[in-house]
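Written below as C-alpha coordinates is the structure these notes are about.
The values are calculated or read from the model by the stated rules, or taken from the named source; none is laboratory data. Predicted model only: the values in this text are computed from it and were never measured. Quick reminder, even Gly has a Cβ in these numbers, built from the backbone with ideal geometry, and neighbours come from all protein chains shown. The area values use the complete protein model at the heavy-atom level, side chains included, leaving out ligands, DNA and RNA. Shrake-Rupley method; radii C 1.70, N 1.55, O 1.52, S 1.80 Å.
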Amino acid sequence: MPHYKLIAWDFDGVLNANVQNGVFKWMTTFEQDTGLPIDSLASYLFSGRFQRAMVGEADLHELVGDWAAEHGVPHRAGEVIDYWFDKDHIPDEKTLAIVQQARAAGITNVIATNNEVYRADWIEAQGFGEHMHTVFAAGRMRLAKPDLAYFAHIEDALGHGGKDVTLVDDMAENVEAARQHGWDAFHFVPGCHEALVAQLGLD
(Lines give C-alpha, C1' and ligand atoms only; values in the text may rest on other atoms or scores of the structure.)
Protein backbone atom coordinates (compact mmCIF):
# COMPACT_ATOMS: atom_id res chain seq x y z
CA MET A 1 0.00 0.00 0.00
CA PRO A 2 1.18 3.55 -0.66
CA HIS A 3 2.70 5.20 2.38
CA TYR A 4 1.37 8.73 1.75
CA LYS A 5 -1.72 10.69 0.75
CA LEU A 6 0.29 13.63 -0.64
CA ILE A 7 3.69 13.86 -2.31
CA ALA A 8 5.24 17.32 -2.70
CA TRP A 9 7.82 17.20 -5.50
CA ASP A 10 10.63 19.69 -5.82
CA PHE A 11 11.15 20.77 -9.42
CA ASP A 12 14.77 21.63 -10.29
CA GLY A 13 17.00 18.64 -9.66
CA VAL A 14 14.09 16.24 -9.08
CA LEU A 15 11.37 16.41 -11.76
CA ASN A 16 13.70 18.38 -14.01
CA ALA A 17 17.24 17.01 -14.41
CA ASN A 18 18.88 20.38 -14.94
CA VAL A 19 21.29 20.43 -12.00
CA GLN A 20 24.72 18.85 -12.36
CA ASN A 21 27.18 19.02 -9.47
CA GLY A 22 25.20 21.87 -8.01
CA VAL A 23 25.27 23.96 -11.20
CA PHE A 24 22.28 24.71 -13.42
CA LYS A 25 22.69 23.43 -16.97
CA TRP A 26 21.83 26.77 -18.61
CA MET A 27 24.72 28.49 -16.84
CA THR A 28 27.29 26.07 -18.31
CA THR A 29 26.38 26.89 -21.93
CA PHE A 30 25.09 30.47 -21.67
CA GLU A 31 28.27 32.32 -22.60
CA GLN A 32 29.17 29.95 -25.44
CA ASP A 33 25.68 30.09 -26.95
CA THR A 34 24.91 33.79 -26.48
CA GLY A 35 28.28 35.52 -26.27
CA LEU A 36 27.11 37.19 -23.07
CA PRO A 37 29.10 37.09 -19.81
CA ILE A 38 27.64 34.49 -17.45
CA ASP A 39 29.84 35.55 -14.52
CA SER A 40 28.47 39.07 -14.79
CA LEU A 41 24.85 37.94 -14.97
CA ALA A 42 25.25 35.38 -12.19
CA SER A 43 26.96 37.81 -9.82
CA TYR A 44 24.32 40.46 -10.55
CA LEU A 45 21.32 38.17 -10.08
CA PHE A 46 22.40 35.76 -7.39
CA SER A 47 23.77 38.22 -4.86
CA GLY A 48 20.32 38.73 -3.41
CA ARG A 49 18.30 40.12 -6.32
CA PHE A 50 16.98 36.78 -7.58
CA GLN A 51 16.17 35.73 -4.04
CA ARG A 52 13.85 38.75 -3.81
CA ALA A 53 12.19 37.78 -7.11
CA MET A 54 11.85 34.21 -5.87
CA VAL A 55 9.47 35.32 -3.12
CA GLY A 56 7.59 37.87 -5.21
CA GLU A 57 9.40 40.99 -3.99
CA ALA A 58 11.04 41.80 -7.35
CA ASP A 59 10.34 41.16 -11.04
CA LEU A 60 12.78 38.85 -12.85
CA HIS A 61 12.29 40.54 -16.23
CA GLU A 62 13.04 43.92 -14.69
CA LEU A 63 16.15 42.58 -12.96
CA VAL A 64 17.55 41.03 -16.15
CA GLY A 65 16.65 44.19 -18.06
CA ASP A 66 18.52 46.32 -15.52
CA TRP A 67 21.58 44.04 -15.85
CA ALA A 68 21.46 44.26 -19.64
CA ALA A 69 21.22 48.05 -19.55
CA GLU A 70 24.03 48.38 -17.01
CA HIS A 71 26.38 46.20 -19.06
CA GLY A 72 25.44 47.42 -22.53
CA VAL A 73 23.91 44.08 -23.51
CA PRO A 74 21.81 44.43 -26.69
CA HIS A 75 19.58 41.44 -25.91
CA ARG A 76 16.18 42.01 -24.42
CA ALA A 77 15.46 40.59 -21.00
CA GLY A 78 12.89 38.23 -22.49
CA GLU A 79 15.47 36.71 -24.82
CA VAL A 80 17.87 36.01 -21.98
CA ILE A 81 15.13 34.51 -19.82
CA ASP A 82 13.75 32.41 -22.71
CA TYR A 83 17.22 30.96 -23.24
CA TRP A 84 17.53 30.24 -19.52
CA PHE A 85 14.17 28.50 -19.22
CA ASP A 86 14.39 26.58 -22.50
CA LYS A 87 17.94 25.34 -21.89
CA ASP A 88 16.93 24.14 -18.43
CA HIS A 89 14.03 22.07 -19.78
CA ILE A 90 15.36 18.55 -19.10
CA PRO A 91 12.51 16.40 -17.76
CA ASP A 92 13.61 13.46 -15.64
CA GLU A 93 11.54 10.75 -17.27
CA LYS A 94 12.32 8.23 -14.52
CA THR A 95 11.00 10.58 -11.86
CA LEU A 96 7.93 11.44 -13.92
CA ALA A 97 7.22 7.72 -14.32
CA ILE A 98 7.19 7.46 -10.50
CA VAL A 99 4.74 10.36 -10.39
CA GLN A 100 2.49 8.38 -12.72
CA GLN A 101 2.73 5.35 -10.41
CA ALA A 102 1.78 7.53 -7.48
CA ARG A 103 -1.18 9.00 -9.33
CA ALA A 104 -2.37 5.52 -10.31
CA ALA A 105 -2.21 4.57 -6.63
CA GLY A 106 -4.53 7.44 -5.73
CA ILE A 107 -1.89 9.73 -4.19
CA THR A 108 -2.22 13.49 -4.62
CA ASN A 109 0.91 14.95 -6.26
CA VAL A 110 1.96 18.60 -6.25
CA ILE A 111 5.03 20.54 -7.30
CA ALA A 112 6.61 22.43 -4.41
CA THR A 113 9.28 24.67 -5.90
CA ASN A 114 11.34 27.71 -4.98
CA ASN A 115 10.73 29.32 -8.37
CA GLU A 116 9.55 32.84 -9.08
CA VAL A 117 6.31 33.59 -10.92
CA TYR A 118 7.54 33.56 -14.54
CA ARG A 119 9.25 30.20 -14.16
CA ALA A 120 6.22 28.81 -12.32
CA ASP A 121 4.07 29.79 -15.32
CA TRP A 122 6.66 28.24 -17.65
CA ILE A 123 6.69 24.98 -15.66
CA GLU A 124 2.93 24.68 -16.12
CA ALA A 125 3.08 25.65 -19.80
CA GLN A 126 5.72 22.97 -20.49
CA GLY A 127 3.32 20.28 -19.31
CA PHE A 128 4.72 19.50 -15.88
CA GLY A 129 1.51 20.78 -14.36
CA GLU A 130 -0.44 18.09 -16.23
CA HIS A 131 1.15 15.49 -13.96
CA MET A 132 0.15 17.36 -10.82
CA HIS A 133 -2.83 18.36 -8.74
CA THR A 134 -1.38 21.87 -8.59
CA VAL A 135 1.88 23.84 -8.50
CA PHE A 136 3.05 25.62 -5.36
CA ALA A 137 5.76 28.16 -6.17
CA ALA A 138 7.63 30.51 -3.87
CA GLY A 139 6.90 33.54 -6.05
CA ARG A 140 3.17 32.98 -5.83
CA MET A 141 3.19 32.06 -2.16
CA ARG A 142 5.69 34.76 -1.14
CA LEU A 143 7.34 32.03 0.89
CA ALA A 144 10.33 29.84 0.13
CA LYS A 145 11.70 26.57 1.46
CA PRO A 146 13.10 25.95 4.04
CA ASP A 147 10.73 28.38 5.82
CA LEU A 148 8.36 26.16 7.81
CA ALA A 149 5.49 28.44 6.81
CA TYR A 150 5.97 27.14 3.25
CA PHE A 151 4.93 23.65 4.32
CA ALA A 152 2.09 24.96 6.47
CA HIS A 153 0.73 26.84 3.43
CA ILE A 154 0.53 23.59 1.44
CA GLU A 155 -1.14 21.80 4.34
CA ASP A 156 -3.74 24.54 4.70
CA ALA A 157 -4.45 24.50 0.96
CA LEU A 158 -4.86 20.73 0.60
CA GLY A 159 -5.92 19.46 4.02
CA HIS A 160 -3.15 16.87 4.35
CA GLY A 161 -0.42 17.06 6.95
CA GLY A 162 1.96 15.18 9.21
CA LYS A 163 3.14 11.75 8.14
CA ASP A 164 0.48 11.59 5.41
CA VAL A 165 2.77 13.93 3.43
CA THR A 166 6.29 13.57 2.10
CA LEU A 167 8.61 16.02 0.36
CA VAL A 168 10.95 14.81 -2.38
CA ASP A 169 13.76 17.36 -2.67
CA ASP A 170 17.43 17.47 -3.67
CA MET A 171 18.35 20.11 -1.06
CA ALA A 172 19.24 18.69 2.35
CA GLU A 173 18.10 21.82 4.19
CA ASN A 174 14.64 21.54 2.66
CA VAL A 175 14.40 17.87 3.58
CA GLU A 176 15.37 18.66 7.16
CA ALA A 177 12.85 21.53 7.34
CA ALA A 178 10.02 19.33 6.09
CA ARG A 179 10.86 16.75 8.74
CA GLN A 180 11.01 19.48 11.39
CA HIS A 181 7.53 20.53 10.31
CA GLY A 182 6.31 16.96 10.85
CA TRP A 183 6.31 15.61 7.29
CA ASP A 184 8.31 12.72 5.97
CA ALA A 185 10.93 13.66 3.39
CA PHE A 186 13.19 11.96 0.87
CA HIS A 187 16.58 13.40 -0.08
CA PHE A 188 16.73 13.00 -3.87
CA VAL A 189 20.19 12.27 -5.29
CA PRO A 190 21.32 10.90 -8.68
CA GLY A 191 20.43 7.25 -9.17
CA CYS A 192 17.97 7.08 -6.27
CA HIS A 193 14.83 6.20 -8.24
CA GLU A 194 14.48 2.62 -6.98
CA ALA A 195 14.98 3.74 -3.40
CA LEU A 196 12.36 6.43 -3.92
CA VAL A 197 9.80 3.93 -5.23
CA ALA A 198 10.37 1.79 -2.14
CA GLN A 199 10.12 4.80 0.21
CA LEU A 200 6.78 5.79 -1.35
CA GLY A 201 5.40 2.26 -1.02
CA LEU A 202 4.95 1.88 -4.76
CA ASP A 203 7.09 -1.24 -5.31
For this session: Among DSSP beta bridges whose residues both lie in the chain, state the antiparallel percentage, nearest 5.
Result: 15 percent
Exercise. Comparing GLY65, GLY127, GLY182, which has the greatest mean-square fluctuation in the GNM of the chain with Cα pairs linked when under 10 Å apart?
Worked result: GLY127
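Averaging over all projection directions, find the projected area of the Cα convex hull of region 119-203 and quote it in nm² with one decimal place.
Taking a quarter of the hull surface, the average projection is 6.0 nm².
List the pairs from LYS25/LYS163; LYS87/LYS145; LYS5/LYS87; LYS25/LYS145 whose alpha-carbon separation is above 28 Å, in the order I gave them.
Exceeds cut-off: LYS25/LYS163; LYS5/LYS87.
Please calculate how many Å² of accessible area the chain carries per residue, with a 1.4 Å probe and no DNA, RNA or ligand atoms counted.
On the way: 9430 Å² over 203 residues.
With the other protein chains kept in place, the chain gives 46 Å² per residue.
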For this session: Over all alpha-carbon pairs of region 4-75, lay out the pair-distance distribution in 10 Å bins, whole %, shortest bin first.
Result: 17, 39, 33, 8, 3, 0
Problem set entry | Cα long-axis angle, helix 93-104 against the chain (0 to 90 degrees, to the nearest 10) | 40 degrees
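At 222 nm, what value in deg cm²/dmol follows for the chain if DSSP H runs of at least 4 each add -39500 (n - 2.57) and the sum is divided by all its residues, to the nearest 500?
-14000 deg cm²/dmol
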Exercise. Of all the accessible heavy-atom surface of region 1-56, with the other protein chains kept in place and a 1.4 Å probe, what percent is carbon and sulfur?
Worked result: 51 percent
Problem set entry | Apportionment of accessible area to carbon and sulfur, region 67-203, percent (1.4 Å) | 49 percent
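Kirkwood hydrodynamic radius of region 1-43 from all distinct Cα pairs, in Å?
After inverting the pairwise mean of 1/r, the radius is 12.8 Å.
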For this session: Using only Cα positions of region 164-203, each an equal point scatterer, no hydration layer, compute I(q)/I(0) via Debye at q = 0.16, 0.20, 0.33, 0.35 Å⁻¹ and quote the log10 values to two decimals.
Result: -0.37, -0.56, -1.09, -1.13
Seminar exercise, completed: Helix 148-158: inclination vs the chain longest Cα principal axis, degrees, rounded to 10, gives 60 degrees
Problem set entry | Label-point separation, HIS193 to ALA157 (7 Å along Cα→Cβ), nm | 2.7 nm
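With only Lys, Arg, Asp and Glu charged, each at its Cβ (+1 for the first two, -1 for the last two), find how big the charge dipole of region 1-148 is about the Cα centre; round to the nearest 20 debye.
Details: 12 positive and 21 negative charges, 130 e Å.
Its charge dipole is roughly 620 debye.
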Problem set entry | Listed residues HIS71, GLY56, SER40: farthest to the positive end of the dipole of region 30-96 (Cβ charges) | GLY56
Seminar exercise, completed: Using the Kirkwood radius over Cα pairs of the chain, the Stokes-Einstein translational diffusion coefficient at 25 °C and 0.890 mPa s, in µm²/s and rounded to a whole number, is 139 µm²/s
For this session: Could you pull out every one of the aspartates and glutamates with an alpha carbon less than 13 Å from that of LYS94, ignoring same-chain neighbours closer than 8 positions?
Result: GLU194
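Starting from the Cα gyration tensor of region 86-142, multiply each eigenvalue by 5, take the square root, and state the resulting semi-axes largest first in whole Å.
Numbers: eigenvalues 82, 41, 13 Å².
Semi-axis lengths for region 86-142 are 20, 14, 8 Å.
Please give the net charge around ASN174, taking every other residue with its beta carbon less than 11 angstrom from that of ASN174, where Lys and Arg add +1 and Asp and Glu add -1. Please list the in-between numbers first.
Working: positive: LYS145, ARG179; negative: ASP10, ASP147, ASP169, ASP170, GLU173, GLU176.
Taking every Cβ under 11 Å from that of ASN174, the sum is -4.
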